[in-house]
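Have a look at the structure below before the remarks.
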Amino acid sequence: MSRTVRVLRHQWIHLADGTRLSARVWLPESALTEPAPAVLEYIPYRKNDATAARDNSLHARFAQAGYVAVRVDSRGTGDSDGLMLDEYAPIELADGVEVIEWLAGQPWCDGGVGMIGKSWGGFNGLQIAALRPPALKAVVTVCSTDDRYADDVHYTGGSLIASEMLPWASTMLAYNARPADPDVVGDGWREQWLGRLADTPAYVEEWLAHQTRDAYWKHGSVCEDYASIQAPVLAVGGWSDPYCGAVLRLLEGLEAPVRALVGPWAHTYPHQAEPGPAIDFHAEVVRWFDQWMRGVDTGAEDDPALRAWMPEWAAPGTDREIRPGRWVAEEQWPSRRIEEWVVPLTGPLADPQPGPLPAPLADPQPGPLPDSLSESIHASPPDPFSASLPDSLPAPLDSTRVIGLAGGSWLQFGDAAGQPGPQGGDDGLSHTFTTAPLTVRKEILGAPSVALRVSADRPAAQLAVRLTDVAPDGSSRLITRGLLNLTHREGHETPLPLEPGRAYDVTVPLPATAHAFAPGHRIRVAVSSSYWPLAWPSPEPVTVTLLPGGPCELRLPVRPERAEDAALRPYGPPLPDLPAQLSQSRGATGRRIEQDPVSGTSVVTLSVDDGHFTDLSDGSWRRTDAVDRFTLTEGDPLSALVECERVEELGRGDWRTKVVTYSRMTCDATSFAVSNTVTAYEGDTRVFHRTTDCAIPRRGV
C-alpha cells in the first residue's frame, strides 16, 4: 500500500545530558492515527545536504510502506550539538540507545524500532544491537563488519592500509569541520562552528597509535560476543566491497535469527549498486522488518541462510555497469555442500590433464559428504600448478618493487576509477603459480587461503597474495587478494619479529569471494612482498623467500552447481526515487598513474568530485572535492608519501562557508609522521587555521 508521507525536515531529539541531535522524519500520515514501527538510520554525514538525495531514495520508500523513517545526525555532526571525537565512541553508541528509546516513546511509533545503515550506520547498528535496547526489534546492516581491526580501512592482515587510512581520516577531518545550518541552530552557529574546528581531533593519530588488535579495536567489534545481539539481523554486502567476509562470519556466528545477501556490488546500497545488477532493495528490507516488527509471515524466516551472486568471467573493464552471473543459495552456513579443494603450489611441474571434482551428490538435502568423496577431492590429481619465472622454489621476493598499481581501490564505490585493472603487469612482477587450463567448470564460494613456507632477511616483512582468473588469451582478472604482516603470523595482538633466515609456515587468508572459473581458464596465485598503494611498505628493504616444502598450497571453497538455484525467488528491479525538491548533479572520479623510469618514482592520483547539491526548497547548496596522491620510489620504502586534499563548501544566499584540509603521512624506519592542516572561511574571510603534527612509533608495521 502506498501512503501519503509528510516530511519533517528538522526534528530535535533531546538527550539526558542536554545534547540535542538533529533528525529528519518521513512520517506516513496514517501513523498519526495508527502508530507504526520506526526505522532509524544514524550516521555522521549531514542529513541536510551530504546524504539528502540518498536518504530520500531510501527513507521515502520505507514511509510509503507504512514505517516512520528517521535519519539522525550523530553528536557533533550536521546540526547536532557536541563534538564527534572518534568512530563508534562509547558516547555515540549510548546516544543511539537513547534515540531508540525516544523514538519508541513518540505518539506516532508503536514502540518498535528497526535500524538500517550502510558502512558507518551498518557498524553502529550492530554495535547498538549488542547493547540490547528493548525497543530494537530488527537490524539491516549493509557493508559493515563484526571486527574493526580485521576488515575496516585501517589495517588488514596486520598491514597498514596506505590507500585508505589517511584518506578516510582526511575525509572525516573535513566533514567534522563543516558548520551547522544557521537557519536551524540560530545565531550561535558561528561559535559552535569555531568550537568544532578547535576541538575535534584528527582521527588518524588515534588509529596509528593502535597498530595491533588491542582493546581499542575490540570495542565495537561484535565478534567479541556474538551472543550479545538478540535482534534478528539481515546482513548485506557485495563481492567488490572489502567488508563482504563479515557477512559470512555474522551468518556463522550470530545466535539471533540471521540471513545474508551478497551481490556483485561495491560499497553501495543494493538499489543504487554498481556494478549491477541492482535490485529492489526496499522490498527486501520491508520484507525483513514486516516479519520481525509487524509479525507478518513474509517468508523471510524461511529464506535460505545465504543468497549470493555467482560471478562469471568478464574481461577487466567490460563489466563496470553489470557483472555477469546468477543468484545461488545455501540453506545453511557453513554449507556442508562446499568442500575445501587443496591444490599444492609445489611439486612436479609435469602438466597432466586436471582431474574434475567428483559429481555432486544426487540427494538434494544437505548433509555431510561421505569420506570417500572428501578423500577423492584431496587425493585425485589436482589441476597442478606450474610456476612462472622463476620457475621453481626457492623464489626471492624484493619488497622494494612497486607492485600493485593495477589493484584499484581497497574500498570501492563502483566507479571505474576504483575498480582493479588487468593484472598481467602486477603478475609479471610477482612470483606466480598457474594451473593448467581447466577441463571442467569450478565455482568457489567462501574464503580462500594460501599456505606458504617463507623466510626473510629482516625482522619485519609482509606478503601480498592475489587470486586471479586467467583467460585463454592470457588476460588476468583479480578475484580476491589478501595481506599478511609476517610479524603477525601468530596473531594480531602481539607482533613477533622474524628471525632472519628462519623458515616459517604461514597462512594468508583471502577475503571471501564467489567466482565461476570456466573451462579453458587457469587459476593463478600471485605472491609479492609489496603491494602499493594498498599496503604501507616494510620499514626497510627486505627479501622474502618462498621456500619448497611445508604446506605450500591454495585452499579453495568449491561449490557444486545446483539445479535448484534456477528456481530461487527472483529479485525485482530497483524502484525509481520518489520526487523531492533536491538537485544532485552527477560527480566524476579519476585515477592517474605516473611512472618515471629514470627515478623509479610512481605517483597514483585519485580525484573525486561529488557534484553539486542544491535543496530547491530553501536554496541551500553543497559542493566537495577530494584528491589523494600516493608516491613511492622503487628501492626506497622510506619514500612512501600519502597526501590528501579536501574542499567542502556550503551556502545559502549570502551565507557561504568553505573548509580546506591538507593531510600528509610519511615515515622513517622507526616511526610514522603525520601532519594535518585545517583552514576555514566565512565568505572570503579566513576565520580559522591550524596545523598539527605528530610522530608515532612503528610496531612491526
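The condition of being open to solvent by 30 Å² or more (accessible area, probe 1.4 Å), assigned to a helix (DSSP H, G or I), in contact with a helix residue (DSSP H, G or I) (Cβ under 6 Å, 6 or more places away or on another chain) and modelled with pLDDT of 95 or more does not hold for Arg75. Residue count for segment 57-71, restricted to those that are in a loop (DSSP other than H, G, I, E, B) and under 14 Å from Val113 (Cβ atoms): 1.
Taken together, Pro179, Pro201 contain a single residue that is in a loop (DSSP other than H, G, I, E, B) and open to solvent by 40 Å² or more (accessible area, probe 1.4 Å), which is Pro201. No other residue among Ala451, Ala464, Ala460 is open to solvent by less than 20 Å² (accessible area, probe 1.4 Å), closer than 19 Å to Ile161 by Cα and in a strand (DSSP E or B) apart from Ala464. In segment 655-681, what residues are open to solvent by less than 50 Å² (accessible area, probe 1.4 Å), over 19 Å from Trp168 (Cα atoms) and of a type outside the set (Ser, Thr, Tyr)? Across segment 655-681, the qualifying residues are Trp655, Ala680. Residue check: is Pro500 modelled with pLDDT of 95 or more and more than 30 Å from Arg337 (Cβ to Cβ)? Against the criterion (modelled with pLDDT of 95 or more and more than 30 Å from Arg337 (Cβ to Cβ)), Pro500 qualifies. Within segment 634-644, the residues that satisfy the criterion of being over 15 Å from Phe672 (Cα atoms) and buried (at least 18 other Cβ atoms within 10 Å of the Cβ) are Glu634, Cys644.
Note on segment 219-247: residues that are surrounded by fewer than 23 Cβ atoms within 10 Å (Cβ to Cβ) and not in a loop (DSSP other than H, G, I, E, B) total 6. Hey, can you tell me all the residues within segment 382-407 that are assigned to a loop (DSSP other than H, G, I, E, B) and modelled with pLDDT under 95? Passing the criteria: Pro382, Asp383, Pro384, Ser388, Leu389, Pro390, Asp391, Ser392, Leu393, Pro394.
Scanning segment 480-500 for residues that are in contact with an Asp or Glu (Cβ under 7 Å, 6 or more places away or on another chain) and either buried (at least 17 other Cβ atoms within 10 Å of the Cβ) or farther than 29 Å from Ala246 by Cβ (or both) gives a single hit, Pro500.
All of Arg656, Arg629 fail the test of being of a type in the set (Lys, Arg), touching a residue at least 24 places away in the same chain (Cβ under 8 Å) and over 20 Å from Trp410 (Cβ atoms), apart from Arg656. Checking segment 481-497 against the condition returns a match, with at least one residue being more than 24 Å from Asp152 (Cα to Cα) and of a type outside the set (A, V, I, L, M).
Listed here are the strands (runs of 3 or more DSSP E) enclosed by segment 1-48 that have at least 1 residues being open to solvent by 10 Å² or more (accessible area, probe 1.4 Å) and either under 16 Å from Glu101 (Cβ atoms) or free of Cβ contacts under 8 Å to residues at least 40 places away in the same chain (or both): 5-14, 20-28.
Scoring Leu208 on the criteria (1) open to solvent by 10 Å² or more (accessible area, probe 1.4 Å); (2) within 19 Å of Thr156 (Cβ to Cβ); (3) part of a helix (DSSP H, G or I) leaves a single failure, condition (1). Cβ-Cβ contacts under 8 Å between residues 6 or more apart (or on different chains), taken from a first residue in segment 259-272 that is within 11 Å of Cys143 (Cα to Cα) to a second residue that is basic (Lys, Arg) and not in a helix (DSSP H, G or I), are listed as Leu261/Arg307; Val262/Arg307; His267/Lys118; Thr268/Lys118; Tyr269/Lys118. Restricting segment 682-693 to residues that are open to solvent by 30 Å² or more (accessible area, probe 1.4 Å), of a type outside the set (Val, Ile, Thr) and without any contact (Cβ under 8 Å) to a residue 40 or more places away in the chain, the residue that is nearest to Ser639 (Cα to Cα) is Asp693.
The values are calculated or read from the model by the stated rules, or taken from the named source; none is laboratory data. Please read these numbers as outputs of a predicted model, since none were measured by experiment. Here the Cβ is made from the backbone with ideal geometry for all residues, glycine too, and neighbour counts use every protein chain on show. Keep in mind that these areas ignore ligands, DNA and RNA; they rest on the heavy atoms of the full protein, side chains included. Shrake-Rupley method; radii C 1.70, N 1.55, O 1.52, S 1.80 Å.
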